[in-house]
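Colleague: Just dropping this structure here.
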Amino acid sequence: MTQTEASQTRVKSWSTLFKFITPHWRAIVGGMILAISAAAVSLAQPLIVQELINQAQATTSISVTLVLIGVGLVFVAAALQYGQALLMGRVSEDVVVGVRTSLIGRMLRLPIAEYHHRAPGDLVIRATNDTNSIRTAVAAGFVDAVGAVLTVGGAVVAMLIIDPLLTAIALTVLLATAWAVQHVGSRLQAAAHAYQSAVGRIGSLIDRALKGVTTIRAFNATDREEASIVAAVDSTRGAGIKLARAAAPFAPMNYLSTQLLLMVVFAIGGIRVASGELSIATLISFVLFLMIMAGPLGQVISAVAAMRMAAGGTQRIQEILDCPTEGQSDSNMNMSPRLCTPRQRPPRIQFNNVSLSVADRQILTDVSIEAEAGSITGIVGASGAGKSTLFSLLERFDEPSSGSIYFDGVDISTCSRESLRSQLAYVEQGAPILTGSVRDNLTLGAGPVGDEACWAVLDMVRLGSMLRTRQGGLDTRVGNSGVTLSGGERQRLAIARSLLAQRSLLLLDEPTSGLDSLNERILNDVLRDLRRTMTIIFTSHRAAAVGIADSVHVLEQGRVTATGQPEKLKSENAYYRELLGMGTSA
Ligand SMILES: Nc1ncnc2c1ncn2[C@@H]1O[C@H](COP(=O)(O)OP(=O)(O)OP(=O)(O)O)[C@@H](O)[C@H]1O
Ligand SMILES: [Mg+2]
């Protein structure tokens with residue numbers, strides 16, 4: 001990244017930060033009113049003290065009422081500050097909720113290819129840790145800083161009235177401080193971004209290790225994984241030290257500027273008092289204003305530091321918010337109405353000369369497949385032939401490099417993904433099961449359905465009797481990613497989920513890979529029963545598994561090399577016979 005790009009990104013993350021803060025302007029204005037009131041009340045205090053000193057010098061006694069007013073004002077200022085802290089606590093929480101909501105919404109809608117290279121652990125850190133820095137910045141920074149700037153401004157005006165020369169000297173020191181804060185702040189933002197990225201890397205490595213814990217344990221690779229995570233943890237130490245180094249100048253800045261101010265004011269003020277140009281009461285009230293200014297000045301400096309740190313985290317949030325969502329192009333599209341309405345009739349599916357290349361690698365070449373309405377179509381091919389890729393194109397997770405796919409004659413690239421997917425039930429290869437209950441998994445695509453409908457599909461895939469013996473029934477927990485179910489049970493649960501969704505097109509990717517021969521026969525019976533109500537396409541690397549299909553397409557290295565009924569292929573196609581395990585002879 002060039003220096004100009006880096007500074008543009010920094011500016012953009014500032015504007016993002018403000019974009020999330022501005023919707024809460026009412027509460028922020030309320031907080032500011034409290035802050036200004038507290039500032040005004042504290043600014044009145046030196047005037048009261050000055051009046052009390054003048055009274056003491058003139059009459060050797062002081063007004064009790066004035067003393068009581070002074071003390072009362074201290075409590076009023078404290079109460080206002082308390083109210084402001086409460087209000088700002090709420091605002092900062094609301095701001096963080098806004099950031100998280102936008103971020104999570106975007107994270108779940110990125111194009112599928114985006115998840116291929118983004119580590120889930122890092123995304124989790126962005127949504128939790130990075131957004132946390134915004135809370136601190138808003139609570140401890142933004143509004144306090146605005147109130148504090150007003151207090152400093154008010155003090156400067158009062159000091160200007162008391163003594164313009166001393167004020168000019170004080171302003172010079174203040175401007176030098178502002179320059180230094182700005183200069184150090186941009187380094188702090190870059191360091192905060194680097195630190196958050198290092199924390200994100202730890203998150204992604206822990207996620208990888210926990211997801212693969214059984215494989216890691218089985219290969220005695222725990223030490224190896226631990227070493228790589230510890231190395232990442234060590235690297236955050238380096239980034240953390242750089243962050244601390246970038247933040248360190250902020251700590252003495254307030255002390256330095258206040259001490260310098262006091263020294264200069266006392267030196268010059270003292271000379272002017274000695275020469276009779278300035279009264280001692282005026283000098284004391286001037287110094288009191290300086291003291292009043294010191295606190296808010298420190299607040300402004302730490303607020304800038306907190307905002308800079310938050311902007312470092314916001315930069316990482318911005319990176320995700322800048323990614324287009326998968327459906328962004330759909331919303332601008334004149335969608336085909338035919339797929340937007342719910343339909344029960346099974347569709348005809350056509351792949352017309354579909355090719356796909358990824359990173360200069362040809363994955364599919366001129367694939368033409370037709371699945372008649374209400375038929376069962378089998379796709380058979382060796383591992384890596386491109387079977388799952390056909391389904392990811394049909395789901396529009398990816399787009400063909402050339403050619404088109406038609407759903408009942410409608411080019412699916414002209415439909416919104418949402419309307420297309422509302423017609424499809426997809427059982428992915430490996431049948432992913434979500435952490436949660438059997439019911440959660442079953443009803444994922446079905447919306448609210450009764451227990452009876454759930455048990456009916458579970459019975460169809462022969463899971464009903466097993467689950468009835470479990471205490472939880474439909475609410476039985478399936479563990480992380482369905483780990484407490486066997487591979488075949490996971491597969492059958494995924495099939496039951498797609499049946500419950502009642503879609504017009506059923507896509508099954510290697511549905512029989514985890515099934516024994518009895519369950520394979522049962523699945524075939526289920527598919528035969530569904531044949532006329534749904535169009536079914538399923539894949540397998542075993543030709544025997546597609547024996548029930550009305551028509552089979554043989555896929556070899558991304559090309560369809562034969563099409564026909566299973567019996568016809570068995571007698572005419574040598575490669576098909578090879579996939580049947582019958583050798584190459586006719
Ligand atoms: N996202 C991707 N980026 C690059 N190449 C990919 C991607 N996804 C798949 N491939 C490649 O495309 C080819 C086809 O993959 P696909 O998953 O469709 O095969 P398959 O026929 O389903 O195999 P299997 O029977 O093993 O599941 C493979 O060579 C694979 O390495
Ligand atoms: Mg596959």
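The values are calculated or read from the model by the stated rules, or taken from the named source; none is laboratory data. Please read all numbers here as calculations on a predicted model, not as lab measurements. Virtual Cβ from ideal backbone geometry, glycine too; neighbours counted across all protein chains shown. For accessibility, only protein heavy atoms count, side chains too; no ligands or nucleic acids. Shrake-Rupley method; radii C 1.70, N 1.55, O 1.52, S 1.80 Å.
Colleague: Take the residues in the stretch 518-556 that are farther than 20 Å from residue 489 by Cα and β-branched (Val, Ile, Thr), then tell me which one is farthest from ligand 2 (Cβ to nearest atom). Walk me through it before giving the result.
Modeller: So the first thing to find is which residues in the stretch 518-556 are farther than 20 Å from residue 489 by Cα, and the list is 528-537, 541-544, 546-556.
With the extra rule that they be β-branched (Val, Ile, Thr), the set shrinks to 533, 535-537, 546, 548, 552, 554.
Working: 533: 26, 535: 20, 536: 17, 537: 13, 546: 14, 548: 20, 552: 16, 554: 15 Å.
Filtering the stretch 518-556 for residues that are farther than 20 Å from residue 489 by Cα and β-branched (Val, Ile, Thr), the one farthest from ligand 2 (Cβ to nearest atom) comes out as 533.
Colleague: Of all residues in the stretch 164-191 being open to solvent by less than 10 Å² (accessible area, probe 1.4 Å) and modelled with pLDDT of 85 or more, which is nearest to residue 37 (Cα to Cα)?
Modeller: Just the residues of the stretch 164-191 that are open to solvent by less than 10 Å² (accessible area, probe 1.4 Å), to begin with: 166-167, 170, 185, 188-189.
Still in the list and also modelled with pLDDT of 85 or more: 166-167, 185, 188-189.
Numbers: 166: 26, 167: 24, 185: 29, 188: 32, 189: 32 Å.
Result: 167.
Colleague: Right, here's the next one. Out of the stretch 520-551, which residues are more than 14 Å from residue 508 (Cβ to Cβ) and either within 14 Å of ligand 1 (Cβ to nearest atom) or open to solvent by less than 10 Å² (accessible area, probe 1.4 Å) (or both)?
Modeller: Hit for the stretch 520-551 is 543, nothing else.
Colleague: Checking residue 403 against (1) within 23 Å of residue 527 (Cβ to Cβ); (2) assigned to a strand (DSSP E or B), which test does it fail?
Modeller: Here residue 403 clears every test but (1).
Colleague: Do you know which residues across the stretch 398-424 are in contact with a strand residue (DSSP E or B) (Cβ under 8 Å, 6 or more places away or on another chain), more than 10 Å from ligand 1 (Cβ to nearest atom) and under 20 Å from residue 327 (Cβ atoms)?
Modeller: Residues satisfying the conditions are 400, 404, 405, 407, 411, 412, 413, 415, 420, 423, 424.
Colleague: Among the candidates 391, 397, which residue alone is in contact (Cβ under 8 Å) with a residue 24 or more places away in the chain and in contact with a helix residue (DSSP H, G or I) (Cβ under 7 Å, 6 or more places away or on another chain)? Write out each step before concluding.
Modeller: Numbers: 391 fails: in contact with a helix residue (DSSP H, G or I) (Cβ under 7 Å, 6 or more places away or on another chain).
None of the others qualify; the one that does is 397.
Colleague: Now for a different question. Just wondering, is there one or more residues in the stretch 187-199 that are closer than 28 Å to residue 283 by Cβ, part of a helix (DSSP H, G or I) and of a type in the set (Gly, Ala, Ser)? Lay out the reasoning, then the answer.
Modeller: Our first condition is that a residue be closer than 28 Å to residue 283 by Cβ; within the stretch 187-199, this holds for none.
No: the stretch 187-199 contains no residue that is closer than 28 Å to residue 283 by Cβ, part of a helix (DSSP H, G or I) and of a type in the set (Gly, Ala, Ser).
Colleague: List pairs: first in the stretch 300-312 and part of a helix (DSSP H, G or I), second of a type in the set (Asp, Glu) and open to solvent by 20 Å² or more (accessible area, probe 1.4 Å), Cβ under 6 Å, 6+ apart or cross-chain?
Modeller: From residues that are part of a helix (DSSP H, G or I), the pairs are 303/144.
Colleague: Within the stretch 435-464, how many residues are exposed (fewer than 14 other Cβ atoms within 10 Å of the Cβ) and modelled with pLDDT of 90 or more? Lay out the reasoning, then the answer.
Modeller: Start the filter on the stretch 435-464 by keeping residues that are exposed (fewer than 14 other Cβ atoms within 10 Å of the Cβ), which leaves 435, 447-448, 450-452.
Then drop every residue that is not modelled with pLDDT of 90 or more, which leaves 435, 450-452.
Result for the stretch 435-464: 4.
Colleague: State whether the residues of the stretch 474-486 include one that is at pLDDT 85 or above, out of contact with any strand residue (DSSP E or B) (no Cβ under 8 Å at 6 or more places or on another chain) and buried (at least 18 other Cβ atoms within 10 Å of the Cβ).
Modeller: Restricting attention to the stretch 474-486, the residues satisfying the condition of being at pLDDT 85 or above are 474-486.
If we keep only those that are out of contact with any strand residue (DSSP E or B) (no Cβ under 8 Å at 6 or more places or on another chain) too, we end up with 479-483, 485-486.
With buried (at least 18 other Cβ atoms within 10 Å of the Cβ) added as a condition, the list becomes 482, 485.
Scanning the stretch 474-486, I find at least one residue that is at pLDDT 85 or above, out of contact with any strand residue (DSSP E or B) (no Cβ under 8 Å at 6 or more places or on another chain) and buried (at least 18 other Cβ atoms within 10 Å of the Cβ), so the answer is yes.
Colleague: Let me ask something else. Collect the residues in the stretch 498-516 that are small (Gly, Ala, Ser) and away from ligand 2 (no atom under 16 Å from the Cβ), keeping them in residue-number order.
Modeller: Of the residues in the stretch 498-516, the ones small (Gly, Ala, Ser) are 498, 501, 504, 513-514.
If the condition is that a residue be small (Gly, Ala, Ser) and away from ligand 2 (no atom under 16 Å from the Cβ), then 498, 501, 504 are the ones that fit.
Colleague: Residue under question is residue 498, and the condition is that it be open to solvent by 10 Å² or more (accessible area, probe 1.4 Å) and either on the phi < 0 side of the Ramachandran plot or in contact (Cβ under 8 Å) with a residue 24 or more places away in the chain (or both); does it hold? Can you show your working first?
Modeller: Details: open to solvent by 10 Å² or more (accessible area, probe 1.4 Å): no; either on the phi < 0 side of the Ramachandran plot or in contact (Cβ under 8 Å) with a residue 24 or more places away in the chain (or both): yes.
Against the criterion (open to solvent by 10 Å² or more (accessible area, probe 1.4 Å) and either on the phi < 0 side of the Ramachandran plot or in contact (Cβ under 8 Å) with a residue 24 or more places away in the chain (or both)), residue 498 does not qualify.
Colleague: Now a separate question. Within the group 202, 169, 216, which residue is in the same structural domain as residue 85 (by TED's automatic domain parsing) and assigned to a helix (DSSP H, G or I)?
Modeller: Values: 202 fails: in the same structural domain as residue 85 (by TED's automatic domain parsing); 216 fails: in the same structural domain as residue 85 (by TED's automatic domain parsing).
Only one candidate passes the filter, namely 169.
Colleague: Quick check: is even one residue across the stretch 376-387 within 16 Å of ligand 2 (Cβ to nearest atom), of a type outside the set (A, V, I, L, M, F, W, C), assigned to a helix (DSSP H, G or I) and crowded, with 18+ Cβ neighbours inside 10 Å?
Modeller: yes
Colleague: Sticking with this structure for a sec: Considering only the stretch 34-147, give the helices (runs of 4 or more DSSP H) lying wholly within it that have at least 1 residues that are in contact (Cβ under 8 Å) with a residue 40 or more places away in the chain and crowded, with 19+ Cβ neighbours inside 10 Å.
Modeller: Values: elements: 64-107, 112-117, 120-125, 131-137.
The helices (runs of 4 or more DSSP H) meeting that bar are 64-107, 120-125, 131-137.
Colleague: Every residue in the stretch 378-397 that is small (Gly, Ala, Ser), more than 6 Å from ligand 1 (Cβ to nearest atom) and either modelled with pLDDT of 95 or more or under 33 Å from the mean Cα position of the chain (by Cα) (or both), please.
Modeller: Initially, the stretch 378-397 is screened for residues small (Gly, Ala, Ser), giving 378, 381-386, 388, 392.
Checking the rest, the ones that are also more than 6 Å from ligand 1 (Cβ to nearest atom) come to 378, 382, 392.
Listed by number, the residues that qualify are 378, 392.
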